[in-house]
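FYI, it's all coordinate maths here, none of it is from the lab. The model shown is predicted, which means the values in this text are computed figures rather than measured ones. Here Cβ is always computed from backbone atoms with ideal geometry, including for glycine, and neighbour counts include all displayed protein chains.
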Ligand SMILES: Cc1cc2nc3c(=O)[nH]c(=O)nc-3n(C[C@H](O)[C@H](O)[C@H](O)COP(=O)(O)O)c2cc1C
């Protein structure tokens, strides 16, 4: 039977929503892409994907509110998590990981059960679209790391990575089904 996928996105400038749409294009089944703020009920879906843009090392609050609100329903579902960020791999400094997985672990830990798949996907910074507060925050950050106060245009978004995320997710779902049958 066809799976029903619900892709819930917390996105400030649209790159997480775009990534969610790309993932949805590759998933084989019925797909709905929804903004986290819409609080779409996950009850009628089989697999819930939770995506968020990464800001100051963490996910956006609407995605955490979504998970809090539907925690009991999510307990009965398969889930997946994706963060959309500039630094998708992280760095290891003085015994600790900074960036990468560190960004999405708090969201993963909020879920009642571990997600079947999770990962970081490349995001985008377009200085022309940022609000004043985000612009000031980034200028401060770039100055702190010794770069000029200019915010460079950057995109790491690729449809290919999003499709690979979707393919891996479908693989994991069918693997879980096989594991269940064996038990
Ligand atoms: C103010 C600000 C803070 C950010 N902080 C981080 C960060 O800590 N780590 C990172 O990898 N990317 C960071 N980014 C980049 C965003 O994750 C990237 O722009 C992402 O595509 C945003 O997703 P959205 O358009 O769905 O909101 C930051 C961007 C802004 C504007």
**Request:** Return the only residue of 180, 176, 164 being free of Cβ contacts under 8 Å to residues at least 12 places away in the same chain, surrounded by 11 or more Cβ atoms within 10 Å (Cβ to Cβ) and in a helix (DSSP H, G or I).
**Result:** 164
**Request:** Filter region 89-127 down to residues that are part of a loop (DSSP other than H, G, I, E, B) and closer than 26 Å to residue 174 by Cβ, then give me how many there are.
**Result:** 7
**Prompt:** What are the pairs, 6+ residues apart or on separate chains, where a residue within region 96-107 that is in contact (Cβ under 8 Å) with a residue 24 or more places away in the chain has its Cβ under 8 Å from a residue that is in a helix (DSSP H, G or I) and within 13 Å of the ligand (Cβ to nearest atom)?
**Reply:** 107/63
**Fill in**
Residue hits (region 44-61; within 19 Å of residue 32 (Cα to Cα) and surrounded by fewer than 19 Cβ atoms within 10 Å (Cβ to Cβ)) are 44, 46
**Asked** Restricting the first residue to region 50-67 and requiring it to be under 19 Å from residue 139 (Cβ atoms), which pairs with a second residue that is more than 7 Å from the ligand (Cβ to nearest atom) and assigned to a helix (DSSP H, G or I) meet a Cβ separation below 8 Å and a spacing of at least six or different chains?
**Response** 57/102
**Prompt:** So is residue 129 within 11 Å of the ligand (Cβ to nearest atom) and surrounded by 16 or more Cβ atoms within 10 Å (Cβ to Cβ) or not?
**Reply:** no
**Asked** How many of the residues making up region 135-164 are more than 20 Å from the chain's Cα centre (by Cα) and on the phi < 0 side of the Ramachandran plot?
**Response** 18
**Request:** Kindly indicate whether residue 137 is in contact (Cβ under 8 Å) with a residue 24 or more places away in the chain, within 9 Å of the ligand (Cβ to nearest atom) and in a helix (DSSP H, G or I).
**Result:** yes
**Request:** Return the pairs, sorted by first residue and then second, in which the second residue is more than 7 Å from the ligand (Cβ to nearest atom) and in a helix (DSSP H, G or I), the first residue lies in region 8-19 and is without any contact (Cβ under 8 Å) to a residue 60 or more places away in the chain, the beta carbons are less than 6 Å apart, and the residues are 6+ apart or on different chains.
**Result:** 8/36; 8/66; 9/20; 10/36; 10/62; 10/63
**Lone qualifier among 145, 151 - being in contact with a helix residue (DSSP H, G or I) (Cβ under 7 Å, 6 or more places away or on another chain), within 13 Å of the ligand (Cβ to nearest atom) and over 30 Å from residue 30 (Cα atoms)** = 151
**Fill in**
Filtering region 33-57 down to residues that are in contact with a helix residue (DSSP H, G or I) (Cβ under 7 Å, 6 or more places away or on another chain), more than 17 Å from residue 83 (Cα to Cα) and in a loop (DSSP other than H, G, I, E, B) yields 39
